[in-house]
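The next block holds one structure in the form of structure tokens; read it before the comments.
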Amino acid sequence: MEKLRYALFTGCTAKQSTPEQMMSTMAVAEKLGIELVELTEASCCGASHLQDYDDFLSLVLNARNIAYAEKHGLTMVTICNTCQLNTAMTKHRLDENPELKARVNEKLAEVGLEYKGTSDITHFLYAIIDDIGLDKIKEMVVTPLSQFNIAPFYGCHNIRPSELQNETHKTPESAYRPTSLDDLIIACGGQNVDYEEKNKCCGFHVELQAPHTAAVLTGNAIAGAMDGNADWMVTPCPLCHLKLDTQTAHASEAIGREVELPVLHMQQMVGLALGCTPAELGLNHHLAKVDFV
Amino acid sequence: MSTEHKITTQKVNFKVFRFNADEDYLPYYENYDMEVTSEEVVLDILNRIKWDHDGSFSYRRSCRHGICGACAIKVNGRSTLACKESMNDMVALFGNELVIEPLSIKRAVKDMIIDKGDFWEKHEAVTPYLVADIDEEPEMENLVSPEDAEALDEADLCIQCGACHYACPVVEINEDFMGPAAFAAAYRFESDVRDNADSRLADVNAEKQGVWDCVKCFECAEVCPKEINPISKITKLHQMAFQKGIAENNVAVRHAVGFKKSIEKRGVLDEGGLVLYSEGPAIVKHVPVALKMLKKGKIAMPWNIPTSDNMDEIKKLVKSSSTAKF
């Protein structure tokens, strides 16, 4: 099989508050024989906030990021749900609207770039499922996670709006009954935990302006996973991860119940199953202690 | 000419929420096993429960054509308009065991009927009508051009069913939060060229209950039976506040503006810098968590914050493509 190659849009947290996410992405890519070409020219996607202030600027910057993936002739892989949403939404809007695309390209031309619409954009989770396949993952597992109940936390921006999301990957996903992460847990040998909050919001985006709302959502999510008897949680989104891993004190206070669980990035879970070491996966960078390995 | 249309049937178990606020201390769920045909919608099932099983079963319905907005309920936790939702789709999505509940259990009055008072109060709070000086005896119609009508972005299609309002997680937590339907209604009139209401936009941008508390979960976009995409209207209300120069200098507004500042400087977001710019002196409240994160190598020092390659391009584009001011 030809080696899979993608243009990697790391997003901002992978280089700052979630270094373990970058480490585990690279470690897993190596195990899976994937080549990731990092888009070092890329800027922040605006994280779903910039467009509230300046929609056109947000489009231009995201189109620039995509243009770099196009220059490599590669599918762009994201490792953050919000990067995925913003980038895929930009692509969708520009591909649907030639007039808008022309206006954006007029700006990009000033720096010698062009958005063509030739690169697909997919989250690493779906790249693994669509392009490698769950059967292949099952075959490659060397350390099955069979003793663990693992609670999937999908993160809004990978599953909603479903119409857009289902344009970006081949395996269909329902916003109400998502299965990709559950299937990946099972492929890694783990037991998936079904609980009400798995497709709900973690509250990350209002952490600063509405801290109580954000804390209740985080608390509810962890509490749901704990009530489902989860040993740990797993998420494909570093923003959800930050919320669930670092904000447990606020969350516990907000819902009047002590909540805490180890929360792994999707890549860390796959890495553990494929035989990566805890150090390679950066498991020492978590606040909620990962003490089961 | 006619193509044969095959009607199929399947067995479905319905677990139906039952509650009478006048008599019951707690709600309970009644089980109904039914043969469901591929032609039926969820409202047909509600009708059959009432007509064939229990005449006391209560729900709202009227037009049965997706116009009146009366019959919105939840199926397996998903807000839906009962008269529009095909049973086939529900079974395909959730399987043969379906849980039928009112839009909001804590607001249940009788079975599917809820007290929608909070929805209407919030709707009313956004002045959901045209505020304009109207010539009472006009010589001709007050024309709106097709381009101007398009600015409404279909917000005028809202049927006030409440599906998005009771799917919104913030409405559940913050009782002051206006909710996606009220915001979409506010946008519908704010985007109308004929409207000249004074304070509507400022009201919905207010800090404690306004558009800035939206968590961006897209639940409202997902459930809307009229595909109005309420969150896109919330985004537009944010943008309008900047365009009209009424965006307040508060943490939420600075948080949005801060992204541009950071991108302009480094391309990549400076996480700590963004929090500092957004919070100002209030950043001290984040210190305990920040210290824990620092210990775990989760905070980049100012000298270690990455910068995008080809910054000259980013700076140039930020300068030439900016369309908003704060």
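The values are calculated or read from the model by the stated rules, or taken from the named source; none is laboratory data. Just so we're clear, the structure is a prediction, and the values are computed from it rather than from any experiment. Glycine gets a Cβ as well: all are built from the backbone with ideal geometry, and neighbour counts include every protein chain shown.
Checking B:ASP156, B:ASP203 one by one, the residue that is acidic (Asp, Glu), without any contact (Cβ under 8 Å) to a residue 40 or more places away in the chain and over 27 Å from B:GLY77 (Cβ atoms) is B:ASP156 and no other. If we scan region B:110-120, do we find a residue that is assigned to a loop (DSSP other than H, G, I, E, B), without any contact (Cβ under 8 Å) to a residue 12 or more places away in the chain and of a type outside the set (Gly, Ala, Ser)? Yes, region B:110-120 contains at least one residue that is assigned to a loop (DSSP other than H, G, I, E, B), without any contact (Cβ under 8 Å) to a residue 12 or more places away in the chain and of a type outside the set (Gly, Ala, Ser). Checking each residue in region B:174-190 for being more than 21 Å from B:CYS161 (Cβ to Cβ) and not in a helix (DSSP H, G or I) picks out B:ASN174, B:ASP176.
One line per residue, one yes/no per condition, for (1) of a type outside the set (Asp, Glu); (2) farther than 27 Å from A:HIS285 by Cα; (3) more than 8 Å from chain A (Cβ to nearest Cβ):
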| residue | (1), (2), (3) |
| --- | --- |
| B:GLY245 | yes, yes, yes |
| B:ASN249 | yes, yes, yes |
| B:PRO281 | yes, yes, yes |
| B:LYS296 | yes, no, no |
| B:THR307 | yes, no, yes |
| B:LEU317 | yes, yes, no |
| B:SER320 | yes, yes, no |
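Regarding A:LEU74, is this residue touching a residue at least 40 places away in the same chain (Cβ under 8 Å), more than 14 Å from every other protein chain (Cβ to nearest Cβ) and among the aliphatic types (A, V, I, L, M)? Taking the combined requirement at face value, the residue satisfies it. So in region B:299-321, with the set limited to residues that are among the polar types (S, T, N, Q) and in a helix (DSSP H, G or I), which one is surrounded by the most Cβ atoms within 10 Å (Cβ to Cβ)? Selected residue: B:SER321.
Close Cβ contacts (under 7 Å, 6 or more residues apart or on different chains) running from residues in region A:85-96 that are farther than 22 Å from A:CYS237 by Cβ to residues that are among the basic types (Lys, Arg) and modelled with pLDDT of 95 or more comprise A:LEU94/A:LYS101.
Taking the criterion of being surrounded by fewer than 20 Cβ atoms within 10 Å (Cβ to Cβ) and within 24 Å of B:LYS116 (Cα to Cα), the residues of region B:162-202 that qualify are B:GLU172, B:ASN174, B:GLU175, B:ASP176. Regarding region B:13-29, can at least one residue be identified that is over 30 Å from B:ASP156 (Cα atoms), in contact (Cβ under 8 Å) with a residue 60 or more places away in the chain, β-branched (Val, Ile, Thr) and in contact with a Leu (Cβ under 7 Å, 6 or more places away or on another chain)? No, because not a single residue in region B:13-29 is over 30 Å from B:ASP156 (Cα atoms), in contact (Cβ under 8 Å) with a residue 60 or more places away in the chain, β-branched (Val, Ile, Thr) and in contact with a Leu (Cβ under 7 Å, 6 or more places away or on another chain). Of the residues making up region B:205-221, just one is more than 7 Å from chain A (Cβ to nearest Cβ), in a helix (DSSP H, G or I) and more than 8 Å from the chain's Cα centre (by Cα), namely B:VAL211. The residues of region B:222-238 that are within 8 Å of chain A (Cβ to nearest Cβ) and surrounded by fewer than 21 Cβ atoms within 10 Å (Cβ to Cβ) amount to a single one, B:THR235. Is region A:20-37 home to any residue that is in contact with a Pro (Cβ under 7 Å, 6 or more places away or on another chain) and within 8 Å of chain B (Cβ to nearest Cβ)? No, because not a single residue in region A:20-37 is in contact with a Pro (Cβ under 7 Å, 6 or more places away or on another chain) and within 8 Å of chain B (Cβ to nearest Cβ). From the list B:ALA241, B:ALA282, B:ALA290, which residue is out of contact with any Gly (no Cβ under 9 Å at 6 or more places or on another chain), surrounded by fewer than 22 Cβ atoms within 10 Å (Cβ to Cβ) and in a helix (DSSP H, G or I)? Within the list B:ALA241, B:ALA282, B:ALA290, the selection yields B:ALA282. For region B:244-269, the set of residues classified as more than 23 Å from B:MET311 (Cα to Cα), assigned to a helix (DSSP H, G or I) and in contact (Cβ under 8 Å) with a residue 60 or more places away in the chain consists of B:VAL253 only.
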